[in-house]
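Engineer: Starting off with a structure, shown below.
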Amino acid sequence: MEFTYEFDWSVIARHEYRDYLLYGVAYTFIIAFFSTILSILIGIVIASGRLSPVKYFVWPCSAWVGVARHIPAVFWILFFYFVFPEILPDSLGSILHSWGSYALLAGIVALSIDNGTYVSDILRNGVLAISSGEREAAKSCGLTSKQQWVCCLLPLATRIVLPALANRTIHNFKNSSLCMVIGVTELTWATQQIESLSFRGLEATLVATIFYIVISLIFGSVSHKMENRLNSCRYSAKDVLNKPSLSVPTT
Amino acid sequence: MSLDWLSFMMIGGWPDGPPGGLLINIGLAVSCFLMGFIFAVPLALLRMAGGRISGFCATAFIEVLRSTPLILLLFWCHFLLPIIIGINIPPLWSAFIALTLYSSAYQAEIVRAGFSSVPSGEVEAAQATGLSKSQVFINIVIPQGLRRMTPASASFAVSLFKDTAVIYVVGVIDLMQSGLIAAERNPNKMLISYLVMAAGFAVVGMVISLIGYKLENRLNFTRKVVSE
């Protein structure tokens, strides 16, 4: 067992390979960004379904979360890419097949569905974690139901939810690498492409790994700072009372 | 209609030939969970109480593995480790190495959170009764810490099982790969083989969740009895 590999960093600097990596970074950010936004929307819909008083909304959403949280993201990606166009009507399916960016769209939708399940769980737990005391306090101040939510409950829930949501977003960013299985030209795909074209995969993969680590650490520390800040203002009641947005009737 | 494709997706060629399908996923998830736990405890201890250098190394190891995507880790273990060390690794073994590294990093954080969530009052009380540092750790911190980390460990076990779906990219014939093969060989069964894939992951995942839930209840129950 000995180290026999000689690094050749000039390969990555060659413009054709450098372009693979740069496009890869761009696609990784595109996938991560859009799938995170979409998954938060999906999460809000499912969470409000589970929290709604109508029981015909509650059980399908609960059942969906119960099943979908056990299904791997890779499955969703392959499903949306290979199977979904097949179960559509023929004309629509063939349009999707022939569309060049369908892989990208399938990847984004698949990751959103995977992440949305977790996001819905986080949001629901956040709303449930607001103690009934806070709810009743808001009510007894004479706030209407809408005011209760906008002024008191949602800001509190955001504070509870934010750390977990940031964690999920980092996870989703890492999951964007799974899109390479359907040939989306993101960063992990680029490293494999460089490996197969130049046999210099080690350098490319090292660069990609460092990129993922740096982005994850930066995002993690930003979310940590934000969390500390939100928590520090939580305990100064004076700030909360002086907020102009919280116009509590004083009579 | 023969159900060969179904047994191919569930157990591969086992018991006559090499195992495959869902059996590989379950086997890898279980073995990597246990191996990961074995590595996780010393890592967590080093991060919590190690010296400056060893603590930094443990932290760096954990953070690097936690922020690398699993698929990239698999490529490292399958394509790049052989280049570095000059030995070819069969796909199943590289999947095992990657998943063990991955699960040891995640579980180290769970173990650390579990140990540090033991109230300092408990530790101080034990020290006040004259127990030595190691006695305190073995009798007070470990049992309570293990109990506190059960929910997180259970949910990690579920997610590790889910993550074994990725190993098909290095050529392990697991549930995903055998489902893809089955779908390719009989195109009219494509939808059903995808459904079987999803159902396989969902059912086993739910069973793991259920086991975790039962274990959690049971451990909490003993705590209640002790405190009463």
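Engineer: Yes or no: B:Leu131 under 21 Å from A:Asp114 (Cα atoms) and surrounded by fewer than 18 Cβ atoms within 10 Å (Cβ to Cβ)?
Structural biologist: no
Engineer: Considering only segment A:160-168, I want to know if a residue exists there that is touching a Pro at 6+ places or on another chain (Cβ under 9 Å) and within 13 Å of chain B (Cβ to nearest Cβ).
Structural biologist: Initial filter on segment A:160-168 (touching a Pro at 6+ places or on another chain (Cβ under 9 Å)): none.
Checked against the condition, which is being touching a Pro at 6+ places or on another chain (Cβ under 9 Å) and within 13 Å of chain B (Cβ to nearest Cβ), segment A:160-168 yields no hits at all.
Engineer: Same structure, new question: Against the condition touching a helix residue (DSSP H, G or I) at 6+ places or on another chain (Cβ under 6 Å), within 11 Å of chain B (Cβ to nearest Cβ) and either assigned to a helix (DSSP H, G or I) or free of Cβ contacts under 8 Å to residues at least 24 places away in the same chain (or both), how does A:Leu123 come out, does it pass?
Structural biologist: No.
The rows are residues; the columns are (1) among the hydrophobic types (A, V, I, L, M, F, W, C); (2) surrounded by fewer than 20 Cβ atoms within 10 Å (Cβ to Cβ); (3) outside any loop (DSSP other than H, G, I, E, B).
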| position | (1), (2), (3) |
| --- | --- |
| B:Pro42 | no, yes, yes |
| B:Ile87 | yes, yes, no |
| B:Trp93 | yes, yes, yes |
| B:Gln107 | no, no, yes |
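Engineer: Quick one: in segment A:174-188, of everything that is more than 10 Å from chain B (Cβ to nearest Cβ) and out of contact with any Gly (no Cβ under 6 Å at 6 or more places or on another chain), which residue is surrounded by the most Cβ atoms within 10 Å (Cβ to Cβ)?
Structural biologist: A:Ile182
Engineer: Does B:Gly200 satisfy the condition of being touching a Gly at 6+ places or on another chain (Cβ under 9 Å) and assigned to a helix (DSSP H, G or I)?
Structural biologist: Criteria met by B:Gly200.
Engineer: Hey, can you tell me all the residues within segment B:175-194 that are more than 8 Å from chain A (Cβ to nearest Cβ), in contact with a Gly (Cβ under 7 Å, 6 or more places away or on another chain) and under 22 Å from A:Ser176 (Cα atoms)?
Structural biologist: As a first pass, look at segment B:175-194 and keep what is more than 8 Å from chain A (Cβ to nearest Cβ): B:175, B:177-179, B:181-182, B:184-189, B:192-193.
Narrowing the set further to residues that are in contact with a Gly (Cβ under 7 Å, 6 or more places away or on another chain) leaves B:175, B:178, B:193.
If the condition is that a residue be more than 8 Å from chain A (Cβ to nearest Cβ), in contact with a Gly (Cβ under 7 Å, 6 or more places away or on another chain) and under 22 Å from A:Ser176 (Cα atoms), then B:Leu175 is the only one that fits.
Engineer: List, please: which pairs have Cβ atoms under 6 Å, are six or more places apart or on different chains, and start with a residue in segment A:172-184 that is within 16 Å of A:Ile40 (Cβ to Cβ) and free of Cβ contacts under 8 Å to residues at least 40 places away in the same chain and end with one that is among the polar types (S, T, N, Q) and assigned to a helix (DSSP H, G or I)?
Structural biologist: Going by the 6 Å Cβ cut-off, there are no qualifying pairs.
Each row is one residue, and each column tells you yes or no for (1) without any contact (Cβ under 8 Å) to a residue 12 or more places away in the chain; (2) under 19 Å from B:Gly171 (Cβ atoms); (3) part of a loop (DSSP other than H, G, I, E, B).
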{"residue": "B:Leu6", "(1), (2), (3)": "no, no, no"}
{"residue": "B:Trp14", "(1), (2), (3)": "yes, yes, yes"}
{"residue": "B:Ile24", "(1), (2), (3)": "no, yes, no"}
{"residue": "B:Val30", "(1), (2), (3)": "yes, no, no"}
{"residue": "B:Met35", "(1), (2), (3)": "no, no, no"}
{"residue": "B:Phe39", "(1), (2), (3)": "no, no, no"}
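Engineer: Can I ask one more? Being in a helix (DSSP H, G or I) and in contact with a Cys (Cβ under 7 Å, 6 or more places away or on another chain) is the filter; apply it to segment A:126-144 and report the residue that is nearest to A:Gly66 (Cα to Cα).
Structural biologist: If we filter segment A:126-144 for residues that are in a helix (DSSP H, G or I), which is where we start, we get A:126-129, A:132-140.
From what's left, in contact with a Cys (Cβ under 7 Å, 6 or more places away or on another chain): A:134, A:138.
Details: A:Glu134: 29, A:Ala138: 33 Å.
Per the stated criteria, the residue is A:Glu134.
Engineer: Could you give every pair whose Cβ atoms fall below 8 Å, whose first residue belongs to segment A:54-69 and is assigned to a helix (DSSP H, G or I), and whose second residue is hydroxyl-bearing (Ser, Thr, Tyr), counting only separations of at least 6 or pairs across chains?
Structural biologist: Close Cβ pairs (under 8 Å, with a partner that is hydroxyl-bearing (Ser, Thr, Tyr)) amount to A:Val58/A:Ser52; A:Cys61/A:Ser120; A:Trp64/A:Thr117; A:Val65/A:Thr117; A:Val65/A:Ser120; A:Ala68/A:Thr117.
Engineer: Out of all the residues in segment A:18-39, which are surrounded by fewer than 20 Cβ atoms within 10 Å (Cβ to Cβ) and farther than 19 Å from A:Ser101 by Cβ?
Structural biologist: If the condition is that a residue be surrounded by fewer than 20 Cβ atoms within 10 Å (Cβ to Cβ) and farther than 19 Å from A:Ser101 by Cβ, then A:Arg18, A:Leu21 are the ones that fit.
Engineer: Please determine whether any residue of segment B:6-26 is within 22 Å of the chain's Cα centre (by Cα) and of a type in the set (Asp, Glu).
Structural biologist: no
Engineer: Given the options B:Thr68, B:Thr59, name the one that is surrounded by fewer than 20 Cβ atoms within 10 Å (Cβ to Cβ), closer than 30 Å to B:Tyr168 by Cα, within 14 Å of another protein chain (Cβ to nearest Cβ) and of a type in the set (Ser, Thr, Tyr).
Structural biologist: Residue meeting the stated conditions: B:Thr59.
Engineer: Same structure again: Would you check if B:Ala152 is among the aliphatic types (A, V, I, L, M) and touching a residue at least 24 places away in the same chain (Cβ under 8 Å)? Don't jump to the end; show me each part of the working.
Structural biologist: On the way: among the aliphatic types (A, V, I, L, M): yes; touching a residue at least 24 places away in the same chain (Cβ under 8 Å): yes.
Yes.
Just so you know, all these numbers are worked out from the coordinates, no wet-lab data involved. Owing to the predicted nature of the structure, the values given are computational and were not obtained by experimental measurement. Cβ: placed from backbone, ideal geometry, glycine included. Neighbour counts: every protein chain shown.
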